[in-house]
Structure formats: C-alpha cells, structure tokens
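To start, the structure under review is shown below, and the notes come after it.
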Amino acid sequence: MRLTRRRFLQGLTAAGAAAWGLPGCAPATRALEPASPRPTRPILVVINIDGGNDWLNMLPPTAGQNRSVYEQRRPTLRVLPAGLVEIGAGAGLNTDFSGMSLLSDRGRVAWIPGIGMNNPNLSHFVSTDLWGQGSAQPGGTGWLGRYADAAFAPAGDVLRGITVTNDLPVMLRGQGRSFVSITSPSGFVFPSSLRGGLLGAPWDAGLLEAGYDAAVSDPGAGGPPGLAYAAQVGKAFLSATQGFGTDGTLPPRTPAVPYPGDASYPVRRLDGGALSGGLARQLKLVARMLAGGLDAQVFFTRVGGFDTHANQQVEHANLMRALGGSISAFYEDLADVQTESGNAQDRTMILAWSEFGRRVQQNQNGTDHGTAGLAFCVGRGVTGGFYGAYPDLGDLDGNGNLRFTVDFRSLYATVLERWLGLPAPATDALLLQGAALPAYPRLGFV
Amino acid sequence: MANLDPITSWTPADAAHLGRRAGFGLSPEAAAALAASPPGAAIDAWIDGLGADHGAFTAALAHADPVDEPARGSAPNQAPAVPGPHPYLVEGAQAWRNDLSRAQAYLAFRMQHGPYPFQERLALFWHNLFATGWQKVDSVALMLQQQQTLRELGLAPFADLHAAMSRDPAMAIWLDSVLNRADGANVPNENYAREAMELYSLGADNGYNQQDITELARALSGWSFTVAAGDRIPDPTSPGRWVAGRGTFRVYDGGANPEGEYLWNALGAEAPPARLPDRHGGGPVTFLGQVFADIDAASGPGLAKGEDVLRSIVVSRAAQASQFLARRLVLHFVSGAASQADLDQVAELVRTTPGFDLRQVLKVLLKSQWFFEPANRFALVEGPVSWTVRAARALGLDLAAADAAGAAQNRFAAWAQVVETFDLAGMRLLDPAGPNGWHEDRAWLNSNTVRYRTKLAAALALGETFTQGGAARALFPSEVARWFPTAPASPQEVLDRLVALLQPAPIPAAVQAGWLGSLWPAAFTWDAASQDQARQLAFLILCAPSSQLS
C-alpha cells in the first residue's frame, strides 16, 4: 500500500486509529450496550449483497474533502445532509438504510468501509469468486468450505453448514465437505406423492441410497467422471433428510416481529408498495431452523439487485430499506429464539459483504462498477464502530476508483479465529494456503 | 490431443450420444434411423434441421393455444391462433399478459415436441450465454422475441449474433442500454459495454481495459428501441403501467420519430417526441487500439458507429474471442474436463472458420472423433431443463398420439404445472439470476437440486395426476404398455429395456440386482402389478447418479 502524505495524516484521525485491530471508534455521545462475551457455540449468518453495493450512498461522507469530492462527483445522486444520521468518523448513515440506525446506536454494528483486494478487475463474477475463495492461492475451494473441512465431522454434521439459496456458491465448497442447500421449510423430504403413493416409504430411500453408496464406494474403473460426484450429492441429500425428522418439515413458527414483506411491516418502498421480502424470507427460514433445533452453525443467504447502473435514486433506496429492515427484524426476532446452547441472539453474528463498491463519479442516473466495498458485522458479540480507514475520495486511481484500506481476508481471519473459534495457526493456514505472506491482521470488533 | 477429424463409422449408440448432447434425446428407433444414413450427411441434417416436419407441430401449437385460460385482465382476449412456426411471439404473449410460467411452459413444450431439436438446444445454449432476465425486462413478449432471435441466428457468423443481441430490446432493458446517454456532460452507462466483452465475447480481463469499456459505452450511447402504441400491454399487476409487447430497435440517426411510436426507457414508455432525442456521445472513439469516426448521414446510418465498433471485437481480438467461444461450446457440448490443448485446438477451429461461422464450427465439432470418444460420453452433468425434457420425450406420449386422443392441450398444461420446479432445480427459464447465466456441468447438482430432480422424476415416471376442472389428469400422460410394445420376459429385461429408453450412464450390476430383488422378490409375470413396478423402476433409474449425466 502506497503511503501518501494525505493517507498518513488521515491515519492519525479517529477512523484511522480504528484500523488493524485497534478498538473501534464508536460515536461517544450515545450510550452503548456492552458486547456479549463470545458464545461457546457461535453461529455465523452470511449475507451476500450481490451486484456491487454503492456503499458510498449508504455511508456517505459528511465533512471535509471527502464530502466536497462526493458532492462534486454525484451532482444528482448525492445524499443530502438531511438524509443522513451522523455516526462519526466523518460518515453518516443513510436514513433509507432503515433499521440499521438503531443497531448502530446500540453499538451492535462494526463497519468496515474500504474493504477490498489488490488488482480488482471490476467484474462481478471474478470478484465474487475471489471473495469466495478468500485465498492468496485460489484453489477452487471457498474459505467457508475449507472451514467446514477443518471443523465439521468428516462423516456427520451434515446440516452444520446450510445455504438457503438454491445454488452452492464457491464460498461454501470444501475439498471434502460442502454445505447443503435448503430453500424451504419442508426441508428434505421425498415428494409427498411418493410417501403415500406407489413407492412404499420403508424402502424407497433405501433403494436410492444403495445406488448412491455403490457409486460412491466404487465408481468403477473407467466409469464416467461425474458419477461419484453425482452420487455424493445424492447421498448428502438423503443424509440431510435424517436431520429433518420423519416428516421432513420444520415446526411452524410465527416470528416475534414483522419482517419486510409482511403486511404489518411499517417501512414502505420509496415509490410506494411493499418491500421485497426475498432476504426477509431467507432470514425467517434461518430463524425457524434455529428454533426448530437444527444443529447448524453457518448459514449463507443472498440479496440481489445492487447492480445499480440506472434509476439508482429509487432502486438503491428500496434495496437499503429491504436490507436494513431484514437485518434488524432478524436480529430482534432472534431474541425470541431459544436453542440448547442459549439464546440465538447471543449466539449469532451476521456478516454482510458485497463484491465491490461503485465508481465515485455517477453516470446519468446510476453508478458503474468500482473497487473498495463495504462489509459490516452485526451481533450482540460485536463491538460497534469503524474498522479500517474510510477511503480518501481525493486520492482515486487512474479510473476514478477508491483505494482499498483493509484486505478482505482480515475480516475472514477475524471471524474464523475470534468468532468461530478456529485456532490462530489453523486460521492462517486456511487463508494463506501455503503462501509466504504475513498473516492477515485481525480486526478488533470481536 | 483432440482429434477433430470426422468420424467414419457411426452406430445407433453414437446417434443417441448426439441426440443427448445436441438435442433432447432420441428414442432407440429414432437413433437407429439416424444411424442408417452416412454420418456426415446425418449430422449435417441434424444441425440444419433438414427433413423436420413442422406441420403437425404448428397445428399443435394452434391447438395448445394457452389463451383458453380464464381472462386475467379486463380486455377480452382476441388473439387469433395464428398458423405459422411462431404464433405465440406477440399475439400469444399479449394474451398471456406477461405470464412468465406460461412462457416457460411454451419453451419446454417446444423442446419436447419441436421438430428441430438442435435449434432449441442451441437456443438454450445461447440463452445461458446471453443470459437476460424477465425479472428486470418485465416482458414475456420481449423475452420470447429474444429467443426467436437466438433460434434464427444461433448458427450465424458470431459477429452477427453478437450485434443482434446488442440491439435486442430485452437486452437493452436488462443491461440499461436504453438509459445509456453520453450527450453533453453525461457520463455513459457502462453496464452493457462491460458485459459485451466480459460475458459475451472475450472473457474477463482478456484483451481489453477499462478505457475500452468506457469507449464502447460511448459508441453505443443513444441506442434504444421504440414500441408501437398497439404493442404496449397494460400491466395487469400495476394499473397505469405498461409492458412492451414488441420492440423495434433504433439507432439515433437524427431522423424523425416514427408516427405513433413510443420511445422505451426503464420506467415504461416516454411520450413520443417529434424526433428521437439525441443521446449519443458524438465524435471519434478509440477502441481496442483502433479509431472509429462518426459515420455521416450521407454515407451510412446517421451517427451510428456502434455496430462497426462491436463487429471489430472478433477481428481485432480474434485470439481471445475464439478462446472464449471454444470454452463455452466445449463445456456445453463436449466435456467439462477438456485440457488447455484441447481448448486451443477448438479455438483454432473457431478462429480459422471465416467469420466465426457457428454452423461450420458446430458441424466440425459435432462430427469429430473427439466428440464421440468414449471418455466424453456421460462426461457432463445434464442441466435440469434438458434432463426433464429428455425424460418426458422418452416416457410421455408423443405429439401425434396426443392429437389422436384429442388431448393436445394437456401436453402444454403439464409443463405449466412443473416449470416452477425448474426454478427450484436451479434453472429458472427466461429468468437466470444474473447476466452470467447458470453455471454448467457439476454446478447443476447440489443437495437441493437433487431433491427437486427427485420430484420431477416422480411426476414423469409415476403417472402423477393433478386436478383440472374437477377432473384428475395425468401430469405427463404415459402408458407403461407403450414403453413395452412387447411383453418383457424377466425383471432384468424390464430393466434393460427401460435403460435403453432412458439412456443413463452404466448402472452398477450390484445396484441393478438390489432393485430387481426388491421389486420382484417372487416369480415374474407381466401383469398390472408388474407394470406399476416398472414405473417405480423408471423412477429409480431417473434418480440414480447415472441418469444425471449426459
């Protein structure tokens, strides 16, 4: 990282002091709740903010040169001071990011503005893969998949890592273990027509399983290369059915609070109408799984639509309302969920990330792909505030892009070691994969 | 090394392999018939769609007209059942009032019954490459118009297809071309320009830089499309809003706006101005090291230099573009595990075929010894849509039988009942989650998608019914007797003949023995109970790992 005079001076500011593991800089004027101690069985809920979130309009600068560059480069898309709640470190929280303000006030949000990577190429797909791999030497596995390899039982723990999306992102793929994908509360069950229909319940799964087992144990010399893989996936599906009990469904549950998309949820879209409940539905399902006693530790969710090249003024506001509303509803809802290892709110941390941020300069009514992004963590165990320096808007690269201030793997190292409890050497090995680099510094929010 | 020389011998098993990869499967009889011609002529005809009888299919489309649905909007449905190969593109879509599942069912119906399967398979391939989503386009008609373009240009020189997709109205909405203006102080919208290279022709970081993206965006600024007043369809879910029924591409040329046309933008339709507004960033652009001047009104289409700029990509970056296309073609049609040397050879084939003519490229690729190598059989995981369609073709009643039974509508209704499962199985037709489409091969399979394949297998093999108009109808009508025109003599023969019908990769002998022992523990007779067991066996075969491969 090139150390300019400006960056050096900025490093002396409060926001800069928060970087690299120093205590967070939280607004001093508010009464903060103390962070909860780290739970014995921590839960991580990952939210993939898909599309390259324009976080500059989520946490716009409020003062100094950053504000003047922002105003100049965003003649129509800038957020006026009236639309901001000052949260310190020269940044304000967009009031459309409703729900986050209260959590921020309580000291429950760790903001990491300017998170990024070397040589970003501004492609959604390349960036998402790199964020997923989280390794200096990309090897096709993901950082959470490698965590599953390290921490989950080799045979068993089938439901410990779950994605509620219907794909299996790179981030969740391990060498030997991968997450299972569950998109509905009926979990894993054979089609009902089969249980009551032609196939008798006692043996239909058994016959399928025999087929899977045979292919897993002896794919056959010279057999099709995909056969063992297809069998492993089928076996994972059948094994997961066991964890869902005999009828394959989760107990019904009415959330303690309304979520975006619910009729009783108070916040509306900027242009009227109901907020999208996509993320809310996923988080509700996570809460239901926890309440239903599923022994899961890591969950993956995704909310899309953040590729706001156009009509950003309306679209991004609505996305922020849905995102912030879903997170705060989920957080409040978890207080009502008891698990064998304690209250779910105490056990859970939310990690939200996007593959990059957007260009400082707006186009006609949107923004194009940029570099450094925003990640943030929410939870009872989080010490709120800013971690890593807010990027210097007066020091853009040749294409008008921000310079990142925190390597994204510092976030992973922090979460793996300090939240999930992976020993420090294992954490470093997982992220470095043999590369001779210094270990990624931990951030101080947990 | 990949041997791209054409095969010289050719068996029904080879024809079946071609049918699985480059179509939606062939019955044993059809594979034998195809294998009776010399391979060169047979595969050329397969690719060109020669000998396909469109008549029955066209008639069935008219019969299967989905407009007998209860009216959803206030306007009476007056869409005629237009004869011709594509009667639904506009009239039908308008009748569907932007109903995505209807459009998905229509595509699946075409895949199952269409007389030119390679064209549908290739359109599916391009649909994944130029992945455009209904969710944002918000128009079934424009999405189907795009599908039709993919059918018509799927075998064209690649630059023609690339340019056509750049002008496609659904694409123009999907990647914000309609909002790309660079006049005056406006900075161009880069959304389409970036993907035109990253996802549609070169691959990420492959021979271009950010400056090229900005310049291409500027060259394309002002491109839009208009709709006639009659092609604006009232949005049934949101009074006062419209969706587009058909779009006509426009390059800004300084000319007058056609009478009665609306200029489309992301928010709906603008009242027609007297002239198409000048949103184009004029002046020369420097793209991939080449300077392109404005074309003057006397010598060309107004100020539009965008098409020339687009067409220059495969010329000035032929090496990268041919690598890009080779990788995608190989991944879909040949193997997910091709070596770099293999990919280089296919790229060389693409690069040395004048104009990257896809018809010629595919004729070489799909006739090659490499394509038919044993190691490349069952080497790919089949996607959920083609997997389902292939099973439906093997097990379900065919089009002619349905017509004779006077129940042609049900063919279409069956798909309308199950297309939602495509989404859950990981492939929401006409609406991929992002512009990079669906990941192919192994990415098709995870614990969740396997679950929904199980569900689809049940619908297809077990004769599941649904209730329509108070009557229970089979979802996919099928008759076990039709699968077995002559009675099988033993459980093993039941299995062997189902395997011949469904064409899975080899199933281990121990698994076969386990299934047969459970299903027929006692003496075998070909009675009604055995026919039910045969359905169960078909279900088990469809669920087996062997069946997920193509």
Ignoring ligands and nucleic acids, chains A and B bury, in total, an accessible area (1.4 Å probe) to the nearest 100 Å² of about 4500 Å²
0 to 90° range, to nearest 10: angle between helix A:278-291 axis and chain A longest Cα axis: 60 degrees
The range A:331-396 pair-distance distribution - Cα-Cα, 5 Å bins, rounded %: 4, 13, 17, 17, 13, 11, 10, 8, 5, 3, 0
Only four residue types carry charge here, +1 at the Cβ of Lys and Arg and -1 at the Cβ of Asp and Glu. Report the dipole size of the protein assembly as shown about the Cα centre in Debye, rounded to the nearest 20. 1940 debye
Longest to shortest principal axis, alpha-carbon extents of the range B:350-479, angstrom: 60, 37, 30
For chain A, longest principal axis from Cα atoms; helix A:64-73 axis from its Cα atoms; angle between them, nearest 10 degrees, is 70 degrees
Convert 10 °C to kelvin, take the viscosity as 1.306 mPa s, use the Kirkwood radius over C-alpha pairs of chain A as Rh, and evaluate the Stokes-Einstein diffusion coefficient in µm²/s, rounded to a whole number. 70 µm²/s
For the protein assembly as shown, what proportion of DSSP beta bridges, expressed in % and rounded to the nearest 5, is antiparallel? 65 percent
Number of partner chain Cβ atoms within 10 Å, mean per residue of A:234-242: 4
Under 5 Å, built H, 5+ apart or other chain: amide partners of A:R302: A:N48
Between A:A263 and A:A435, with labels modelled 7 Å along Cα→Cβ, what's the label distance in nm to one decimal, could you check? 5.3 nm
Residue-wise HN-Hα coupling along the range A:114-120, computed from phi with Karplus coefficients 6.51, -1.76, 1.60 (Hz; x: Gly, Pro): x, 7, x, 8, 6, 6, x
Förster-model FRET efficiency, 25 Å R0, B:E420 and B:A471, C-beta, rounded to 0.05: 0.70
Counted charge near A:I47, where neighbours are those whose Cβ lies closer than 14 Å (Asp, Glu -1; Lys, Arg +1): +1
May I ask you to derive the FRET efficiency for B:Q211 and A:Q175 from their Cβ-Cβ distance with R0 = 41 Å, giving the value to the nearest 0.05? 0.55
Can you give the charge dipole size of chain B about its Cα centre, rounded to the nearest 20 debye, using +1 on the beta carbon of Lys and Arg and -1 on the beta carbon of Asp and Glu? 700 debye
Protein chains only, probe 1.4 Å: how do B:E261, B:E373 rank by accessible area, largest first? B:E373, B:E261
List the lysines whose alpha-carbon lies under 22 Å from that of A:K235, not counting same-chain residues fewer than 8 positions away? B:K455
Can you work out the FRET efficiency for the pair A:Q313 and A:E71, with r the C-beta to C-beta distance and R0 = 22 Å, to the nearest 0.05? 0.90
Given bins 5 angstrom wide, list per bin the percent of all Cα-Cα distances in the range B:488-527, short to long. 5, 22, 32, 26, 12, 3
If the range B:112-262 were replaced by its equivalent ellipsoid, with semi-axes equal to the square roots of 5 times the Cα gyration tensor eigenvalues, what would those be, largest first, whole Å? 24, 24, 14
Peptide A:309-318: average number of partner chain Cβ atoms within 10 Å per residue? 3
Can you pull the Rg over Rh of the range B:329-402, Cα-only, Kirkwood? 1.10
Any idea what diffusion coefficient the range A:225-265 gets from Stokes-Einstein, in µm²/s, Kirkwood Rh on alpha carbon pairs, 37 °C, 0.692 mPa s? 243 µm²/s
Beyond 31 Å, what percent of the Cα pairs of chain B remain? 51 percent
Only helical DSSP H runs with n ≥ 4 go in: add -39500 (n - 2.57) per run for the protein assembly as shown, normalise by residue count and round the 222 nm mean residue ellipticity to 500 deg cm²/dmol. -12000 deg cm²/dmol
Rounded tilt (10° steps) of A:124-133 against the dominant C-alpha axis of chain A: 70 degrees
Descending Cα extents along the principal axes, the protein assembly as shown, whole Å: 86, 78, 61
Once you've got the GNM for chain A with C-alpha springs shorter than 10 Å, pick whichever of A:A329, A:A228, A:A291 has the biggest mean-square fluctuation. A:A228
Under 30 Å from the Cα of B:K363, which lysines turn up, not counting those fewer than eight places away in the same chain? none
So what is the accessible area of the range A:307-433 per residue, in Å², with the probe set to 1.4 Å? 22 Å²
In short, the range B:189-219 residues buried by 50 Å² or more of accessible area relative to the isolated chain (1.4 Å probe) are B:R194, B:Q210
The relative contact order of the range B:138-211, taking Cα pairs under 8 Å that sit 6 or more residues apart, comes to a percentage of 20 percent
Under 14 Å from the Cα of A:K284 - aspartates and glutamates, other chains or at least 8 residues apart: A:D262, A:E332, A:D333, A:D336
With only alpha-carbon pairs counted, each pair once and no self-pairs, how large is the Kirkwood hydrodynamic radius of the range B:431-550 in angstroms? 16.1 Å
Show B:K367, A:K235, B:K305, B:K455 ordered by accessible area, largest first, where the area counts protein heavy atoms only and the probe is 1.4 Å. B:K455, A:K235, B:K367, B:K305
Take the Cα gyration tensor of the range B:309-371, multiply each eigenvalue by 5, square-root it, and list the three semi-axes largest first, rounded to whole angstrom. 20, 13, 9
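The values are calculated or read from the model by the stated rules, or taken from the named source; none is laboratory data. Not measured: the values here are computed from a predicted model. With ideal geometry, Cβ positions are generated from the backbone for all residues, glycine too; neighbour counts draw on all protein chains shown. Just the protein is used for accessible areas: all its heavy atoms, side chains included, with ligands, DNA and RNA removed. Shrake-Rupley method; radii C 1.70, N 1.55, O 1.52, S 1.80 Å.
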